[in-house]
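What follows is a set of notes on a single structure, which appears directly below.
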Amino acid sequence: MDLNLNQSSSGIVMRNSLSFLIPYLFISAVIIALLVSYGNTELFLHINSYHSAFGDFLFFYLTNLGDGVVAALLILVLLWISFREALTFLLITLAITIIVNILKDHIFPELDRPASYFSGLEVLHLVPGYDPPTLSTFPSGHTATAFSVGLYLSFLIKNRAVKFLLFVLAVGVGYSRMYLAAHFPLDVLAGAAIGVFTTLICFDIGRLFKSEWIDKKILYMPKIFAREKIV
């Protein structure tokens with residue numbers, strides 16, 4: 001994949017990611033309209049009611065793309081692109097972690113997740129093998145991580161189809177949180193916003209630092225990836 005590594009203008013890089021950002025703004029507007037029309041709990045029940053055996057399998061695994069391990073792996077991979085990229089995404093990950101934890105544990109700790117909110121009522125579709133959490137629902141950390149990873153990769157990749165695919169995967173993670181009865185729509189909407197806007201702000205901050213070493217990268221290539229010389 002071609003990488004868009006022009007360090008001179010973060011604005012140009014961001015404009016090149018409109019294949020991710022425009023669909024994000026559109027889907028966010030749609031969700032806001034639905035929330036106004038149906039309300040948070042009713043919209044959740046409507047979304048959660050559509051399920052299938054294939055959906056159970058797909059979203060059980062797709063939701064893992066929003067795990068913090070994925071963000072950590074991306075930080076490591078970015079070391080082979082440049083220290084600037086790795087440090088910038090490290091800043092993004094730390095900022096998102098702090099914001100999400102403050103909101104969940106200190107500002108909205110009393111908000112229950114769907115499994116607790118609807119406890120005793122047989123209205124939820126629960127995926128076999130997945131035990132949904134019950135406390136601290138707002139916002140969705142998985143969704144925040146998925147959108148930050150997807151958007152940051154869209155900054156670096158030139159192919160527009162791949163940028164849009166990254167957006168689709170991020171949306172899939174957000175949808176999976178409702179499908180699995182782990183979050184309400186408002187949690188997912190807030191998580192996506194935190195992921196996107198934290199990434200945009202920190203990306204610009206990462207371009208402010210001027211140093212000889214920050215745009216260097218790890219040159220060592222593990223043998224498993226090294227190309228053999230053709231004689």
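Taken together, the values in this text are just the output of simple stated rules run on the coordinates, not laboratory data. Since we're looking at a predicted model, the values are computed, not measured. All Cβ positions, glycine included, derive from the backbone under ideal geometry; neighbour counts span all protein chains shown.
Things to note:
- Residues with amide H under 5 Å from that of ILE157, placed H, sequence gap 5 or more: ASN4
- Whole-Å distance, taken between Cα centres, linking the range 61-133 and the range 177-191: 11 Å
- For a straight C-alpha distance cut-off of 17 angstrom, the aspartates and glutamates reachable from LYS104 (same-chain residues fewer than eight places away being disregarded) are ASP67, ASP112, ASP187.
- You can think of it this way: the chain between VAL162 and PHE60 has 34.4 nm of extra reach, that is 0.36 nm per residue less the Cα-Cα gap.
- Of every Cα-Cα pair in the range 49-186, the percent that sits beyond 21 Å: 47 percent
- Between ASP204 and LEU219, full extension at 0.36 nm per residue minus the direct alpha carbon distance yields a gain of 2.8 nm.
- Computed over the chain: relative contact order in percent, which uses C-alpha pairs under 8 Å that are six or more apart: 33 percent
- In summary, the aspartates and glutamates within cross-link reach of LYS158, defined as a Cα separation below 18 angstrom excluding same-chain residues under 8 places away, comprise ASP2, GLU85.
- Across the range 1-130, the fraction of Cα-Cα pairs farther apart than 26 Å, rounded to a whole number, is 45%.
- On full extension, the segment bounded by ALA33 and VAL77 gains 12.0 nm, given 0.36 nm per residue less the C-alpha separation.
- Qualifying chymotrypsin sites (Phe, Trp or Tyr not before Pro) in the range 42-73, DSSP loop, other Cβ atoms within 10 Å at most 11: TYR50
- Amide hydrogen proximity for HIS183: with H placed 1.01 Å from N in the peptide plane, the residues at 5 or more positions away or on another chain lying under 5 Å are MET178.
- Amide H to amide H distances under 5 Å link VAL127 with no residue, where only residues 5 or more positions off or on other chains count and H is placed in the peptide plane.
- Screening the chain for DSSP H helices whose Cα atoms reach 18 Å or more along their own axis and whose mean Kyte hydropathy is at least -1.0 gives 18-38, 83-102, 141-156, 160-179, 185-206.
- Order of SER28, SER19 - criterion: other Cβ atoms within 10 Å of each residue's Cβ, fewest first: SER28, SER19
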